[in-house]
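Worksheet: the structure to be examined is printed underneath.
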Amino acid sequence: MFYRLRDASADHDVRGRQFRAAAGMIVLLLFVIMTSACGNNDNAKGTSTGSEAAGFPSGNGSSTSATQTIEHFFGKTEVPVHPQRVAVFGLEDLALSLGVPMVYGYDFDGYYLDDQLKALHIPLSGSADFKPNLEAVLSAQPDLIIVQKNAIDQSGYDELSKIAPTIAFGPEDWKSSIVAIGKATGSEDKAKAVIQSYDDKLKKAKDAIVSAAGPDKTILFMRPSEKDLQVFFPSFNHLIYDNLGLKPDTSIAAFQKASPDEWGINTSLEKLPSITADYVFAIYGGSISSAKDFAEASEASKEVEKLQVWKAMPAVKQNHVFKVSARHWMSSGPIAEGRVVDDVVAAVTGKK
């Protein structure tokens with residue numbers, strides 16, 4: 001800011017000079033005060049962040065600039081010790097379980113976490129498209145981004161890292177991932193508690209299942225359609241085949257010999273009579289199917305159920321075929337797998 005001072009005339013009387021001198025001092029004082037104020041405002045503008053302008057905490061929102069190194073799928077990243085604004089994409093199950101302060105999440109109509117995420121009143125992707133929207137993530141002003149590795153490649157990771165420190169984990173082993181995320185978000189004790197609670201739930205479920213059905217009952221996990229049949233192997237779902245007191249159906253060994261894949265096999269509906277499992281769990285649709293998609297796939301299954309090859313299965317004759325939602329059966333995390341456990345317990349024991 002600048003003020004122009006008029007020159008004083010030398011032929012004015014003393015009184016006039018005194019008046020002008022006093023006035024000059026006042027103007028000079030005002031100049032100093034206003035210049036100082038402008039300087040402070042300029043400094044404030046120079047140090048403020050976009051998040052402050054939007055009414056959000058600046059920087060990482062924490063009271064300290066301390067960081068820590070977190071190892072993840074794409075390497076090692078320095079992250080704030082106590083992040084306050086965390087954008088999550090694809091690992092919402094773990095974030096919700098830990099109580100992470102989320103400011104953005106992946107969600108869509110029919111997602112198994114839809115109700116819980118909407119209750120947070122945060123921006124959500126609103127689409128099943130499993131690719132982060134960089135603009136939406138940026139708008140959330142995160143100080144940390146947690147993303148599922150299958151949603152991005154190296155270039156996608158690099159782009160997210162320009163917004164905020166980014167760490168990526170896979171869905172395969174949620175226990176190791178939740179420990180790392182717990183460390184990154186200052187929730188290590190909570191991560192341990194979540195794992196312990198899940199393990200306790202698993203033990204209780206196994207005891208209930210064995211008590212109700214006995215120690216030798218068999219199980220099979222599949223996805224039938226009008227055209228073919230998918231059978232999932234124990235390597236794809238250790239939970240139901242190995243951890244609940246039920247054994248893989250004997251038919252699985254033959255399917256494994258015929259399959260080049262570890263996850264399972266695509267085969268013909270004509271193979272249905274070879275399935276002799278005591279309990280069969282059938283999913284319809286996929287993990288990112290909408291509620292409408294699931295309803296349509298489930299309705300179409302009625303045509304399969306009219307076939308003689310379907311009716312030949314022992315589980316059908318015993319009314320032990322259970323339709324379950326792929327939206328959590330094909331997902332990973334303590335919430336998703338907790339619901340799978342609940343489904344199996346309810347089916348075998350008849351108790352919810």
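The values are calculated or read from the model by the stated rules, or taken from the named source; none is laboratory data. Everything quoted here is computed from the prediction, not taken from an experiment. Using ideal geometry, Cβ is built from the backbone for each residue, glycine included, and neighbour counts are taken over all protein chains shown. Please note that ligands, DNA and RNA were not included when accessible areas were found on the heavy atoms of the full protein model with its side chains. Shrake-Rupley method; radii C 1.70, N 1.55, O 1.52, S 1.80 Å.
When A300, A291, A315, A295 are screened for being farther than 28 Å from P171 by Cα, among the hydrophobic types (A, V, I, L, M, F, W, C) and modelled with pLDDT under 90, only A300 passes.
Yes or no: K204 closer than 21 Å to D93 by Cα, modelled with pLDDT of 95 or more, open to solvent by 20 Å² or more (accessible area, probe 1.4 Å) and not polar (S, T, N, Q)? So K204 fails the test. Among the residues making up segment 112-152, those that are under 21 Å from V79 (Cβ atoms) and charged (D, E, K, R) are D143, K149. Output the residues belonging to segment 241-252 that are open to solvent by less than 20 Å² (accessible area, probe 1.4 Å), closer than 19 Å to V316 by Cα and in contact with a Phe, Trp or Tyr (Cβ under 8 Å, 6 or more places away or on another chain). L246, I252, listed by residue number.
Restricting attention to segment 144-190 and to residues that are of a type outside the set (S, T, N, Q) and assigned to a strand (DSSP E or B), the residue that is nearest to P334 (Cα to Cα) turns out to be F169. Of F232, F236, all but one fail to be under 31 Å from the mean Cα position of the chain (by Cα), open to solvent by 60 Å² or more (accessible area, probe 1.4 Å) and of a type outside the set (G, A, S); the exception is F236. Remark: pairs (first residue in segment 199-222, part of a helix (DSSP H, G or I); second residue open to solvent by 40 Å² or more (accessible area, probe 1.4 Å) and basic (K, R); Cβ separation under 9 Å; 6+ apart in sequence or on different chains) = A208/K351; I209/K217; V210/K217; A212/K351. Would you call I163 without any contact (Cβ under 8 Å) to a residue 24 or more places away in the chain, open to solvent by 10 Å² or more (accessible area, probe 1.4 Å) and either closer than 19 Å to T67 by Cβ or in contact with a strand residue (DSSP E or B) (Cβ under 7 Å, 6 or more places away or on another chain) (or both)? For I163, the condition - without any contact (Cβ under 8 Å) to a residue 24 or more places away in the chain, open to solvent by 10 Å² or more (accessible area, probe 1.4 Å) and either closer than 19 Å to T67 by Cβ or in contact with a strand residue (DSSP E or B) (Cβ under 7 Å, 6 or more places away or on another chain) (or both) - is not met.
Looking at I288, I283, can you tell me which residue is out of contact with any Leu (no Cβ under 6 Å at 6 or more places or on another chain), more than 25 Å from S211 (Cβ to Cβ), hydrophobic (A, V, I, L, M, F, W, C) and assigned to a loop (DSSP other than H, G, I, E, B)?
Numbers: I283 fails: assigned to a loop (DSSP other than H, G, I, E, B).
Exactly one of I288, I283 is out of contact with any Leu (no Cβ under 6 Å at 6 or more places or on another chain), more than 25 Å from S211 (Cβ to Cβ), hydrophobic (A, V, I, L, M, F, W, C) and assigned to a loop (DSSP other than H, G, I, E, B), namely I288.
Per the conditions (1) part of a strand (DSSP E or B); (2) buried (at least 16 other Cβ atoms within 10 Å of the Cβ), the sole criterion not satisfied by N266 is (2).
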